[in-house]
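A quick write-up on the structure given underneath.
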Ligand code: FES
């Protein structure tokens with residue numbers, strides 16, 4: 001298990017994380033950070049035995065979510081992927097029921113990508129209604145969607161927008177539970193990674209069973 005706060009925890013109010021998200025996560029990892037990361041990380045990683053190295057690469061990440069206020073989002077890294085943890089407001093939770101007929105898979109029953117864990121196959125796609133955990137990678141071609149939490153008419157979303165995420169690459173839109181809208185390039189909802197609560201304020205990303 002690793003502590004998420006060491007490397008990449010970013011508490012950001014709506015909008016403030018846009019610069020971080022605008023980049024394509026995959027491209028940023030491979031093209032921008034790749035050389036630097038390799039140069040720094042290899043001496044450290046090479047001290048591990050292969051089994052230890054594999055274990056570290058797939059390790060679960062423990063996250064303190066106590067500082068995330070309603071309407072805010074925290075981004076942590078797990079297995080090289082950005083994982084979003086956001087605390088929905090009562091209004092954002094209410095909005096989840098307002099556009100179900102516009103969603104491609106409102107009950108998370110399809111299997112185009114990772115199977116949604118059973119505890120997230122509900123309208124909120126979460127264990128606790130207010131706390132959403134999702135991999136922030138578009139299921140189309142892997143861009144990182146940006147926050148569009150503000151409801152209402154605005155560029156690139158419909159006039160009756162209820163808040164959610166926009167993938168700027170090809171225009172896929174997702175609601176505040178990471179559910180993809182119909183007739184968009186993305187074939188599936190955002191992935192919900194395995195996760196579990198260790199306490200009221202501590203979340204473990206990457207595992208959902210007690211050892
Ligand atoms: S990568 Fe998201 S819409 Fe194409």
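No lab work stands behind these numbers, since they all come straight from the coordinates. These figures come from a predicted structure and were not determined experimentally. Using ideal geometry, Cβ is built from the backbone for each residue, glycine included, and neighbour counts are taken over all protein chains shown.
In which sequence would 118, 133, 63 go, from the one with the fewest C-beta neighbours within 10 Å to the one with the most?
Final ranking by Cβ density, sparse to dense: 118, 63, 133.
Using the alpha-carbon centroid of each, what span in Å lies between the range 172-193 and the range 86-155?
With the range 172-193 and the range 86-155 each reduced to a Cα centre, they are spaced 7 Å.
Give the calculated FRET efficiency between residue 57 and residue 201 to the nearest 0.05, with a Förster radius of 30 Å applied to their Cβ-Cβ distance.
FRET efficiency, residue 57 to residue 201: 0.65.
Would you mind ranking 140, 195, 170 by Cβ crowding within 10 Å, fewest neighbours first?
Fewest-to-most Cβ neighbours within 10 Å comes out as 170, 140, 195.
Figure the gain on full extension for residue 170 and residue 153 (residue separation times 0.36 nm, minus the Cα-Cα span) and round it to one decimal in nm.
Here the answer is 4.2 nm.
Could you give the length gained by full extension between residue 119 and residue 107, i.e. 0.36 nm per residue of separation minus their alpha carbon distance, to one decimal place?
Answer, rounded to one decimal: 3.1 nm.
Could you put 200, 100 in order, starting from the residue whose Cβ has the fewest other Cβ atoms within 10 Å?
Least to most surrounded, the residues fall as 200, 100.
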